[in-house]
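Participant: This structure is in C-alpha cells; I'll ask about it shortly.
Values quoted throughout were computed directly from the atomic coordinates according to the rules given, and no laboratory measurement underlies them. On a predicted model such as this, the values are computed, not experimentally measured, just so you know. As a convention, Cβ positions derive from the backbone with ideal geometry for all residues, glycine included, and neighbour counts pool all protein chains shown.
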Amino acid sequence: MRIAAYGELSLHVSVAPPNGLQDGAREFRLRGVDMEVGGSPHYVAAQAVAEGDSALLVGTVGPDPAGAWIRAGLARWQSPAVSVHLVETGTRSARLVLEPSADGNDVDITADPADGSIDTLAYRVPAVGDAEYAHLSCFPGSDRLREALAATGTPLIADFGFLPWRRDPQALARAVRSRLTGVAVAVFNGLGAEEETTRVARQAVAAGVRVALVTFGAAGALVCDARGIHRQSAPPVPVVNPVGAGDTLATAFVHAWHRGAAPDDALEYGQSAAARHVSGRPATIGAGARTPGATGAGASPVGASRTVTSPAARTRSAG
C-alpha cells in the first residue's frame, strides 16, 4: 500500500514531571527532554513505513530554527520507502508537550506551529501519484487542499479532530457535513462528547463514507460502517508520550482494513499500534512500530512488535 500524508510539521519537545509529583503541586522540574518531528504527516508516514508500506510526506514547515531542525532531521531519515516534500511557510515550528497529569486526563500542549495555511500544499497535489490513500487533517484552512486531493480521485483519510469542533458538537456536525466529498475513512476524537461524536460518525457513513473511526483516549475507540458499530477497550499501557496516537491508530487500521481485515479486527490492530506508540520513548525521526498479526480475511502478516517503556511512566490506557 502507498499512502500520501499532507499537512503541518512541527518540532515536539516532550517534558515529563519527576517521579512522585503530587496532584496540586506547583513545582515542575525538568526530568528529561525528548525532541521529535511531529505533526500528522510525519506520524502517518512513519507508521506506514513501519508496517511495510510506502509513503509520500508533503508538509509545511516554518523558516525558524525549529523548522531547520525538522528539515535536517527528515533529510537524515534514510528510508527508501518515503518520499519527502517540504514547503516553507509560516513563522514557527515548535510545540511543547507536557506529560499527562497524574489523574490521566488531558495533555497540556503549548502550541505555536507554522502559521501558514496548509492550503499552500494544494499546488503539490500532483505528487500524490499512485497512492491508494491520501491522509489530511481537515481543519480550517485546509479546504482548498482537501478539494484538490479529492479531485484526483484518491480516497481520503480525513481527520476531523480539530479541538474547537470537539468542544462544539454542532459545529463539528456542520463542518463534517460539508467536507465529505472523496472521504473513504473519517477519523474523529470523541473525548468530552462521546454520544454526539458517534452520531456524527454514523451520519458520515450514511452519507457515503466507507468507515469512520472515533477514539476516546483511555476509554478505547469504535469503528462504524454500513453494517453497524463496534467498540472496544484500549489496552492498558504505560504512557510516555501520547502525541500522535490517533494518527498511528488510523494508519495501522487502514493498513489492515485495506488488506481485507474486518473493521473490528482492523480496529484492534490499530489500537495495538497506538499502544506501542504512546508507551515508547519518542523517536527523533521515524516513530512507529509494526503491529503483530492482524486477524481477518486477507490481512497480511507483519513483523514482531517493539515495546520500550520508561520506569517513570504511569500505567494508563491508550486509544
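Participant: Would you mind checking the range 175-190 for residues with the amide N under 18 Å from a putative spin-label position 7 Å along Cα→C-beta of Arg199?
Facilitator: Within reach of a label on Arg199: 175-178, 188-190.
Participant: Could you work out how far apart the two model spin labels at Ala173 and Met35 are, taking each label as a point 7 Å from the Cα in the direction of the beta carbon, and quote it in nm?
Facilitator: About 4.6 nm, to one decimal.
Participant: Applying 1/(1 + (r/R0)^6) with R0 = 35 Å to the Cβ-Cβ distance of Gln232 and Ala81, what FRET efficiency is obtained, to the nearest 0.05?
Facilitator: Computed FRET efficiency for Gln232 and Ala81: 0.70.
Participant: Let me ask something additional. Normalized C-alpha radius of gyration of the range 200-259, against 2.2 N^0.38 Å?
Facilitator: My calculation over the Cα atoms of the range 200-259 gives 1.20.
Participant: Where does the charge balance sit around Ala66 when Lys and Arg score +1, Asp and Glu -1, over other residues with C-beta under 9 Å from its C-beta? Don't skip to the end; give the middle numbers.
Facilitator: On the way: positive: Arg92, Arg95; negative: Asp64.
Here the count lands on +1.
Participant: For the range 159-227, what class follows from the C-alpha gyration tensor (a ≥ b ≥ c being the square roots of its eigenvalues): rounded when a/c is under 1.5, otherwise prolate if a/b is larger than b/c, else oblate?
Facilitator: Because a/c hits 1.5 or more and a/b fails to exceed b/c, the range 159-227 counts as oblate.
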